[in-house]
Amino acid sequence: MEQYDLIVIGSGPAGEKAAIQAAQNHKRTAVIETRGVVGGVCVHTGTLPSKTLRETVLYLAGLKQRSVYGVVCTVKSDVTVGELMYRTRHVIQNELEVIHNKLMRHGITVLSGRGRLASAHEVEVVDASDGARPLSAEAIIIAAGSRPFRDPTVPFDDRLIFDSETILNLDRIPKSLVIVGGGIIGCEYACIFAHLGVAVTLIDSKPRLIPFLDHEISDALTHLMRKVGIKVILEDRKEALTAADNQVTIATRGGRTITAEKALFATGRVGNTVGMGLDRVGVPVDERGLIVVDENFHTGVEKIYAVGDIIGFPALASVSMDQGRLAARHAFGRSETRLNTLLPYGIYTIPEVSIVGETEAGLSGRGVPYETGTAHFYELARGQIAGDHDGLLKLIFCPHTHKLYGVHIIGQDAADLVHVGQAVISFNGTIDFFVDTVFNFPTMSEAYKVAALNGLANLHAADGSPRIGIDRKRKMS
């Protein structure tokens, strides 16, 4: 039996970083990957392909919208997903080479097959013919990822009805698309297809899209999605579905009937735990196939850990990387650090959204006093140059100490801009930092100063003093 210090099942962001961390600590490490090619869902069917597709669409739609530059571009009506995914193939191939080289450089063994637990310290690598190759290790980290949840009442055929991964295999761009699920993935694909000229209908049972967002940001996103033609239906759900004559018809509980050429169901994900042998060793799994772990990503079974999407929320590639790194450290007695609880979220809708820290609803629910300051991107010279008239950056802070509680952004470069606020929150900073800091001009980062000044102006207005700052009432032409 082959002996290792660490065996990692899965080579996505969590598994890759776990393996590299162990190798850097001079541990003999093996990674088992079902696909036969490293990278996991993130590289092959999730983050990279969907975000590269979005970038392609954003480029085409951006040229179409920004006629201020004297350039008008239209997407040809018979464009195929294959054509749009041309750049995606190059991005994926380049990323695979980067990951493979990193694993090889650290002396990590990569094994092709399905990882199955035989005991608390033994793993079998199962090949296509069900042959099992036994391995043993001091510690095991499960990073096998997740897959789209498929409602058993929905007849998925990947021709008319798709999930959030198979949608990338469309043979052509449909004229109409109905999306069930108003979470992150549903909203991202709704924006992508709408900007390709597809008539998109989005259905969700909740009263708001992406409900963990600050309400003002969620409402702004909903407004902008409707502005580009997306029909957003909230507080309603699928009651019945039929697929015939090359179209899909959904009847909703609210009495609506929606017909489209294609349907996409983005109703969550489930862990890839089936057939992994977790029951053999007593690793706990919930009703969605997600592994239950503690704050150190330990399953409670000797030295078996789980990280990444297979443990559920927040299921972000960025967070999964740190989970893998920290689990590998803990497995070999180095548990002095824990996962940072201040997590940024990047949502790649059009426009993109990013948040970090507290929301108004969260603070109100705990009875914590707060004030807000807002900068609209049309107030920024760079916003005018870029043609982003709808974006905004919102700061939430303590009215007494000015301590920054949260940053919420919708608009251009949101996922990059948020890290400025993240750093200030991390060091218990105040919005006075933004007021006293000189930002490059013209930049989108200047929004922090504008929002901070607006927040201070709101404080003065609230205590009866003369309101200061700029008049933020938008002038409509």
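The values are calculated or read from the model by the stated rules, or taken from the named source; none is laboratory data. Keep in mind that this is a model prediction, so the values were computed, not measured. Using ideal geometry, Cβ is built from the backbone for each residue, glycine included, and neighbour counts are taken over all protein chains shown.
Inspection of region 312-326 finds no residue satisfying the criterion of being among the hydrophobic types (A, V, I, L, M, F, W, C), in contact with a strand residue (DSSP E or B) (Cβ under 8 Å, 6 or more places away or on another chain) and at pLDDT 95 or above. Looking only at residues in region 15-37 that are assigned to a helix (DSSP H, G or I) and among the hydrophobic types (A, V, I, L, M, F, W, C), which one is surrounded by the fewest Cβ atoms within 10 Å (Cβ to Cβ)? The extreme case among them is 23. For the residues 154, 126, the requirement of being touching a Phe, Trp or Tyr at 6+ places or on another chain (Cβ under 9 Å) and over 13 Å from residue 50 (Cβ atoms) singles out 154.
Considering region 384-443, the residues that are in contact with a strand residue (DSSP E or B) (Cβ under 9 Å, 6 or more places away or on another chain) and among the aromatic types (Phe, Trp, Tyr) include one that is surrounded by the most Cβ atoms within 10 Å (Cβ to Cβ), namely 397.
This table checks each residue for (1) surrounded by fewer than 13 Cβ atoms within 10 Å (Cβ to Cβ); (2) among the charged types (D, E, K, R).
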site	(1), (2)
236	no, yes
243	no, no
246	yes, no
250	no, no
257	yes, no
262	no, yes
265	no, no
268	no, no
271	no, no
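Residues that are under 16 Å from residue 190 (Cβ atoms) and within 27 Å of the chain's Cα centre (by Cα) number at least 2 in the following strands (runs of 3 or more DSSP E) confined to region 204-252: 231-234. Residue count for region 283-333 under the criterion of being among the small types (Gly, Ala, Ser), buried (at least 18 other Cβ atoms within 10 Å of the Cβ) and under 23 Å from residue 108 (Cα atoms): the result is 8.
Residues in region 190-206 that are at pLDDT 95 or above, surrounded by fewer than 22 Cβ atoms within 10 Å (Cβ to Cβ) and of a type outside the set (Ser, Thr, Tyr): 199, 206. Which members of region 411-461 meet the condition of being among the acidic types (Asp, Glu) and at positive phi? Residue satisfying the conditions is 413 alone. For region 150-182, the set of residues classified as over 22 Å from residue 197 (Cβ atoms), surrounded by fewer than 17 Cβ atoms within 10 Å (Cβ to Cβ) and not β-branched (Val, Ile, Thr) consists of 150, 151, 152, 155, 157, 158, listed by residue number.
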